[in-house]
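Each remark here refers to the structure printed beneath this line.
The values are calculated or read from the model by the stated rules, or taken from the named source; none is laboratory data. All values reported here derive from a predicted model rather than from experimental measurement. Positions of Cβ are backbone-derived with ideal geometry, glycine not excepted, and every protein chain shown enters the neighbour counts. For accessibility, only protein heavy atoms count, side chains too; no ligands or nucleic acids. Shrake-Rupley method; radii C 1.70, N 1.55, O 1.52, S 1.80 Å.
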Amino acid sequence: MSFDGVLMGSRMMVTKECELCTEAKRLIVDCPGVEHQQDWEQSYNGSAGGIITVNSELGEPIHVVENRCTLLWRMMDQTYFSLPPDELSKVLADPATQEKIIRGLNADHMKLWFASDPRTGCPILAGVSMMTYRQVALRMIELMTRQGSSEWIHPSYLQRLLDFLGRAQSRAHTHGTLESIPRTMWDVDTVAAAETVFESLGELADTLLSHEDVHWWIGRMRSPGKPVNFIPVLDHNLKTWFKKDTLWYCEQIDAVPDRDVQRTFILQGPVAVKFAAEVNQPAGELLRNMQRDLVERMGASAQPEAVETSINRVQSSQRREGESAVEWCNRVSASGASLLGWQRAVLSSQFVTAHGGSANKPNPIWQLLANPELVLISWAASNYSMTTV
């Protein structure tokens, strides 16, 4: 059966060229994988060599590395995300359920529960309605910047903060302070820039968010831009808050709470992962090893280096005296020479498809080589070239 290519995304994820963080690559290499392809179905309810199956954001089953994050993901799929929206909303109204979900988010997910008491570090089940304008802004800075720096994970995250502070300014009927702060200061010392705004807000800075502003803030976190990296509310959209935009964390470990790779979501196949044996292996070396193994499995006597030399060498065929174009082409095609599939087909096919597959016509190569002045065919199987002289 013919094919167009081989997909090797899973195998390439541990290579030096892949942008996956080293911690995630090491997690992949540590997975034993499965010996037989049919064993991958174990991933639906259990683990298949360190790989489990969960439902993607789009509802399709996908293979992922088993870690705390993906086990939490599976539990959420089975317990909550399988419920109809109306029933889910009722379940999420239960304080015990809220506490259970928030505990799981803060322990195992890359997206933490947003509402937190800055004095104790404990989660606030009631959400941002029990936080002040100052606390909300500082929590946004804490979660939306990279650990140990003032660098924003994404420009749209800073814009959300500025929009929130602008709304707070309008509530306090003060204007000009936010606009007077140079944009660069938000990248150098974000907290100091925010404190300047808080001073202009007066008592409002330490006042709980108004009911209107709670709803406005949740809506702003849902608005276009990079999806926020936290869970702002437990509502019927929880699956979207939980699953949306989760793949990039395994590339940027400094955006993950505590730089904990167990909180990341890593795609990987249960069969392919068995062969992931080295962290940061060069892609070229991996491909050469695959070529060597393929040659050995096919029982070829030539070593990969010899095969490579043979493939790269330009080869040619001389027309024999009195040999017709058809006889010549068939002889070259049947000779066992190193030809690419299309090169062999070009020489051996009596007809070719034309007009978008609606008609066949005689092979124009045969017609071309009917010219007795053409006495030499040259080709190289390592590229897409074939010449006649």
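A few remarks follow.
- Within the stretch 151-199, the set of residues being out of contact with any His (no Cβ under 9 Å at 6 or more places or on another chain) and polar (S, T, N, Q) comprises Ser156, Gln159, Ser170, Thr174, Thr177, Ser180, Thr184, Thr190, Thr196.
- Filtered by the rule that a residue be over 17 Å from Thr184 (Cβ atoms), part of a helix (DSSP H, G or I), in contact (Cβ under 8 Å) with a residue 12 or more places away in the chain and open to solvent by 10 Å² or more (accessible area, probe 1.4 Å), the stretch 134-160 gives Arg134, Gln135, Leu138, Arg139, Leu143, Ser156.
- Residue match in the stretch 66-73 (condition: surrounded by 12 or more Cβ atoms within 10 Å (Cβ to Cβ) and in a loop (DSSP other than H, G, I, E, B)): yes
- All helices (runs of 4 or more DSSP H) inside the stretch 161-267 with 1 or more residues being among the β-branched types (Val, Ile, Thr) and open to solvent by less than 60 Å² (accessible area, probe 1.4 Å): 177-180, 190-201, 211-222
Each row is one residue, and each column tells you yes or no for (1) within 16 Å of the chain's Cα centre (by Cα); (2) modelled with pLDDT of 95 or more; (3) buried (at least 20 other Cβ atoms within 10 Å of the Cβ).
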| residue | (1), (2), (3) |
| --- | --- |
| Arg11 | yes, no, yes |
| Lys25 | yes, yes, yes |
| Asp30 | no, yes, no |
| Glu41 | no, no, no |
| Glu57 | yes, no, no |
| Met75 | no, yes, no |
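- Matching residues in the stretch 93-103 - criterion: being in a helix (DSSP H, G or I), of a type in the set (A, V, I, L, M, F, W, C) and either modelled with pLDDT under 95 or out of contact with any Phe, Trp or Tyr (no Cβ under 9 Å at 6 or more places or on another chain) (or both): Ala96
- Condition met for Leu83 (outside any helix (DSSP H, G or I) and open to solvent by 40 Å² or more (accessible area, probe 1.4 Å)): yes
- Evaluated against (1) assigned to a loop (DSSP other than H, G, I, E, B); (2) open to solvent by less than 50 Å² (accessible area, probe 1.4 Å); (3) of a type outside the set (Gly, Ala, Ser); (4) free of Cβ contacts under 8 Å to residues at least 12 places away in the same chain, Thr120 falls short on exactly one condition, (2).
- The stretch 37-65 - residue that is touching a strand residue (DSSP E or B) at 6+ places or on another chain (Cβ under 6 Å) and part of a loop (DSSP other than H, G, I, E, B) and, of those, nearest to Phe242 (Cα to Cα): Ser56
- Number of the exception - Ile101 against (1) open to solvent by less than 70 Å² (accessible area, probe 1.4 Å); (2) closer than 28 Å to Trp186 by Cα; (3) among the aliphatic types (A, V, I, L, M): (2)
- Residue list for the stretch 227-239, restricted to those being out of contact with any Lys or Arg (no Cβ under 7 Å at 6 or more places or on another chain), modelled with pLDDT of 95 or more and not aliphatic (A, V, I, L, M): Pro232, Lys239
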